[in-house]
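Engineer: Before I ask anything, let me first share the structure, which is written out below as structure tokens.
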Amino acid sequence: MGVGVAVQIRDLTITGGGDGSDYFEAGLWHTGGHIEVRNCRFTGNNVGIFTWCFDSNCDAVLTATNSIFDHNLRIAVDANEHAIHHLINNTIVANGRGVALNNTGSRIENSIVVHNTHEGVGGNNAPTVRYNDVWSNGCNYSGVAAGPGDVSLDPLFEDEGAGDYRLQIGSPVLDAGNLAVEYNDRNVGLKPSS
């Protein structure tokens, strides 16, 4: 990525970031630098994470891994065309929209994107989309196409209604993720129950 991490956010639940009355209300608002989010839950916000650059020289990069985005009113993860998002091994469920990736340097990999009211994965400028389970959204893809290794299958969560998004042992997305060593987990989304 070539950008040093300026801020790390780990092991938190972030909620209450707006009621939808303001388009820009978010659990996490990001306008510059590299933020790393790991093992967090963004729930009950207007937008889970919103990255907005005010000019084309913006250095805003967000890397989110092993996190849950659920029940955010407008969208789970949003950005304009200058911001870069790396979304890896995330579970994105039951939001207004799933994710918007509008920069060619953005990517979503090894993630589960299901039951979002509108599109699951949307974007412009050809972001990288691969090894995801994008299923049962209002529209699975908008402005982007399914990428290599993408599937559209019920992930078989333990108990979606109770917010338990661990994968059942029989889930079709177990061992369906990217085989590259950097992912250290070939399971799409979160770990299975044991």
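Engineer: Which Cys residues of the chain have no other Cys Cβ less than 4.7 Å away and so no disulfide-compatible partner by this rule?
Structural biologist: Taking the Cβ cut-off of 4.7 Å, the unpaired cysteines of the chain are 40, 139.
Engineer: While we're on this one: Would you check the accessible area of residue 29, probe 1.4 Å, heavy atoms only, in square angstrom rounded to 10?
Structural biologist: Only protein atoms counted, so the area is about 110 Å².
Engineer: Whole number please: convex hull volume per residue of the Cα set in segment 69-123, in Å³? Let's see the in-between values first.
Structural biologist: Values: hull volume 3.2 nm³, N = 55.
Dividing the Cα hull volume of segment 69-123 by its residues yields 58 Å³.
Engineer: Something else now. With a ≥ b ≥ c taken as the square roots of the eigenvalues of the C-alpha gyration tensor of segment 1-149, please select rounded if a/c is under 1.5 and otherwise prolate if a/b is larger than b/c or oblate if it is not?
Structural biologist: In terms of gyration-tensor shape, rounded.
Engineer: Mind grabbing the accessible area of residue 11 for me, 1.4 Å probe, Å², rounded to tens?
Structural biologist: Approximately 110 Å² of residue 11 is accessible to the 1.4 Å probe.
Engineer: Expected output is a single nm value to one decimal: the length gained when fully extending between residue 56 and residue 7, i.e. 0.36 nm times separation in residues minus the C-alpha distance. What is it?
Structural biologist: Extending this stretch completely gives an extra 15.5 nm.
Engineer: On to the next question. With only Lys, Arg, Asp and Glu charged, each at its Cβ (+1 for the first two, -1 for the last two), find how big the charge dipole of segment 36-170 is about the Cα centre; round to the nearest 20 debye. Present the calculation step by step, with values, prior to reporting the outcome.
Structural biologist: Working: 7 positive and 15 negative charges, 23 e Å.
With Lys and Arg at +1 and Asp and Glu at -1, about 100 debye.
Engineer: Let me ask something additional. In the full protein assembly as shown, how much of residue 174 is accessible to a 1.4 Å probe, in Å² to the nearest 10?
Structural biologist: 40 Å²
Engineer: If you don't mind, there's one more thing I want to ask. Suppose R0 equals 45 Å. What FRET efficiency, 1/(1 + (r/R0)^6) with r the Cβ-Cβ distance, do residue 22 and residue 168 give to the nearest 0.05?
Structural biologist: Numbers: r = 39 Å, r/R0 = 0.86.
For residue 22 and residue 168, the calculated efficiency is 0.70.
Engineer: Measuring with a 1.4 Å probe in the full set of protein chains, what accessible area per residue, in whole Å², belongs to the chain? Could the numbers behind the result be given before it?
Structural biologist: Working: 8170 Å² over 194 residues.
For the chain, the per-residue accessible area is 42 Å².
Engineer: Here's a follow-up. For the chain, give the percent of accessible area contributed by carbon and sulfur heavy atoms, probe 1.4 Å, rounded to a whole number.
Structural biologist: Working: 4020 of 8170 Å².
Summing carbon and sulfur atoms, their accessible area is 49 percent of the total for the chain.
The values are calculated or read from the model by the stated rules, or taken from the named source; none is laboratory data. Everything numeric here is computed off the predicted structure, so don't read it as measured data. Positions of Cβ are backbone-derived with ideal geometry, glycine not excepted, and every protein chain shown enters the neighbour counts. Accessible surface is based on the protein model in full, side chains and every heavy atom, while ligands, DNA and RNA are left aside. Shrake-Rupley method; radii C 1.70, N 1.55, O 1.52, S 1.80 Å.
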